[in-house]
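Below: the structure, in structure tokens.
The values are calculated or read from the model by the stated rules, or taken from the named source; none is laboratory data. Quantities reported herein were computed from a predicted structural model and do not represent experimental measurements. Cβ placement follows ideal geometry from the backbone for every residue including glycine, while neighbour counts extend to all protein chains displayed. The accessibility values were calculated without ligands, DNA or RNA, using every heavy atom of the protein model including side chains. Shrake-Rupley method; radii C 1.70, N 1.55, O 1.52, S 1.80 Å.
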Amino acid sequence: MSAKIKLLLIEDNPADVSLISIFLDEAFSDNYSLGKADYLSEGLKRLHNHQFDAVLSDLALPDSYGMDTFERVLAASNDIPIILLTGYGDEAFGTNAVARGAADFLNKNQLDSNLLRRAIIYGIERNNLRKELLIHTRNLEESEKKYRSLFEESKDPIYISTYGGRFLDFNNAAAELFGYTKEEMAKLSLSELYYYPEEKNNLKEALKKKDNVKDFEVILQKKDGTPVICAITTVPHKDEKGELQYRGIIRDITVQKKVEELRRAKEVAEQTARARQEFLSVMSHEIRTPLNTIFFTTHLLQDEDPSPKQKEHLNVLQFSSNNLLALINNILDFEKIESGKIKLEKINFNFPDLIHRILDSFKHNATENQLKLNVYLENNLPEVLTGDPTRLTQILNNLLHNAIKFTHEGEVRLHIETLSKKDDEVELLFEVSDTGVGIANDRLEEIFDSFSQAHPSITRQFGGTGLGLTICKKLVKIMGGNIKVESETGKGSSFFFNLPFHIGDADQINMPHVLSENDFRLKGIKILLAEDNLTNQMLAAKFLTRWGAQVDTADNGQIAVDKLREKNMTWC
């Protein structure tokens, strides 16, 4: 293309206009001219008054949208190629428009100079070829030499067939598309290329209804049986003897269709994931309300001096409710991680204090199981770190909980030391070890998989979802570390993970609060409890009263406000 290419750009977004202009400069240097219009009406006027080689048009304009935009540009384009510019979510419009005569469609979010140049040149060349082919079918004698050159050099497969479909002529591109030699291709008919034989008459039926067809979609097959999705454009022509022939162009649209299918599948998958997340969120809330009632009622009954038989039943009830609560929490955490909704904090926290608080929360369980719970902190560990203390606590809680659960005698040990330190960055190694049941060698890799247990009997004996270690592994990876396990059946297990941190500022500590027994001393504190669930209200009031608080209740927010005004006093 030595002559200057005349282009018309119909686009109302100034940023997109600037970006496309830059790409055009890169693609064609100064070998093009560009007319611009930011309204469809203005673009149609320019098409009427000026001659262009190609049109670049957005589908969403101030005075037109979608397929209506394309149809109006097509009607005014005087048979020049139209390249549509689509945004995210508009690919369906683009595919539909190509099927109805557009040269191509390009996603603006994926646009570059090479893609733009290829689309424009290919659209112009293909349009010129189409014009030449139509001229040739009407005036074969005058343009035989020029037609043959275009025919053979075309990148699109072109063919001439009898009315029955037997190939009379075809170009190299046609033979290459189907994987035949020219000699083999000459012996075939179009009907023999159909992937589904029962569809071989579809094109004939379409031609009976209309003399010519444009981009008729069929599934043909290569010599080796591979299916090819094609769009056929064909027109009738009578030869010198008056016998009817068909002359057509075949386009391979297999990749285009697969991209469209993948896009639709992606949309379905995203919708399914959103529905699943919404369902889990709603159900977790609905399940937790009665579960909390069971959990706290059990706790109250255990403190009311039950008989040994009653205590045994209450222990079973508490065990089951704890497992159900852990299951709900694990599933929700797993879903958040899988959907990429986990966001890490970067805050300063007192590292030794956090570790001791975590250990304190497990002392009661360890004592009940007659286990030693030990911690070793290397002397030169930083006092203040910057990172996500909540997620670190979640990892250690999971590992320590498992260690205590699967250890019948001996000890559970937390060991922390420095792996490396440079400037204000430090990498720590954590080890949680136990003298418990251990894990068989052939199960070591599987225990980090979702819903996996070291042995099928573990769920029945100890409960759990099989998600705890999966969540640990994913959190460690998100935080920039790795986790591994060493174990021997009957002798215990050791879990190791490393995490990088920045050394923090002691003046800006933000600690997550881990509850201890002293947090439940509320003597002398007045609390107004607003809760519309009467069961929850009763349970919460009992616990608060037991911890020494003076409690008054309100069934809704308005009653709470009225009571505050009526008593004219300060409540917590």
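Taking the range 361-394 as the region of interest, how many residues are among the charged types (D, E, K, R) and within 20 Å of LEU428 (Cβ to Cβ)? Walk me through how you get there before you give the answer.
Step one: filter the range 361-394 for residues among the charged types (D, E, K, R), giving 363, 368, 372, 378, 383, 388, 391.
The next check asks that each one be within 20 Å of LEU428 (Cβ to Cβ); those that pass are 378, 383, 388, 391.
The qualifying residues number 4.
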#### Entry: strands (runs of 3 or more DSSP E) lying entirely in the range 205-286 (those with 2 or more residues that are polar (S, T, N, Q) and crowded, with 17+ Cβ neighbours inside 10 Å)
227-238
## Note on the structure
Over the range 225-261, the set of residues over 17 Å from VAL98 (Cβ atoms), out of contact with any Ser or Thr (no Cβ under 7 Å at 6 or more places or on another chain) and aliphatic (A, V, I, L, M) is LEU244
### Query
Quick check, is ASN78 open to solvent by 50 Å² or more (accessible area, probe 1.4 Å), polar (S, T, N, Q) and touching a helix residue (DSSP H, G or I) at 6+ places or on another chain (Cβ under 9 Å)?
yes
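Would you check which residues across the range 171-193 are among the aromatic types (Phe, Trp, Tyr) and surrounded by fewer than 21 Cβ atoms within 10 Å (Cβ to Cβ) and list them?
Residue satisfying the conditions is TYR180 alone.
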### Message
Yes or no: the range 102-119 includes at least one residue that is loosely packed, with under 15 Cβ neighbours inside 10 Å, closer than 30 Å to ARG247 by Cβ and of a type in the set (Gly, Ala, Ser).
### Response
no
### Message
Can you say whether THR386 is closer than 22 Å to LYS491 by Cα and open to solvent by 30 Å² or more (accessible area, probe 1.4 Å), as far as the supplied structure shows?
### Response
no
#### Entry: Residue pairs meeting the criteria (Cβ under 9 Å; at least 6 apart or on separate chains; first closer than 16 Å to THR293 by Cβ and part of a strand (DSSP E or B), in the range 528-555; second among the β-branched types (Val, Ile, Thr) and open to solvent by less than 50 Å² (accessible area, probe 1.4 Å))
LEU529/VAL551; LEU529/THR553
### Query
Is the range 22-32 home to any residue that is over 18 Å from ARG118 (Cβ atoms), touching a Lys or Arg at 6+ places or on another chain (Cβ under 8 Å) and of a type in the set (A, V, I, L, M, F, W, C)?
no
### Query
Restricting attention to the range 348-383, which residues are more than 41 Å from the chain's Cα centre (by Cα) and either open to solvent by less than 10 Å² (accessible area, probe 1.4 Å) or among the small types (Gly, Ala, Ser) (or both)?
ALA366
### Task
Would you be able to say whether some residue in the range 433-448 is modelled with pLDDT under 90, open to solvent by less than 50 Å² (accessible area, probe 1.4 Å), at negative phi and in a helix (DSSP H, G or I)?
yes
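Identify, please: which residue in the range 324-342 is of a type in the set (A, V, I, L, M, F, W, C) and open to solvent by less than 60 Å² (accessible area, probe 1.4 Å) and is, among those, modelled with the lowest pLDDT?
ALA326
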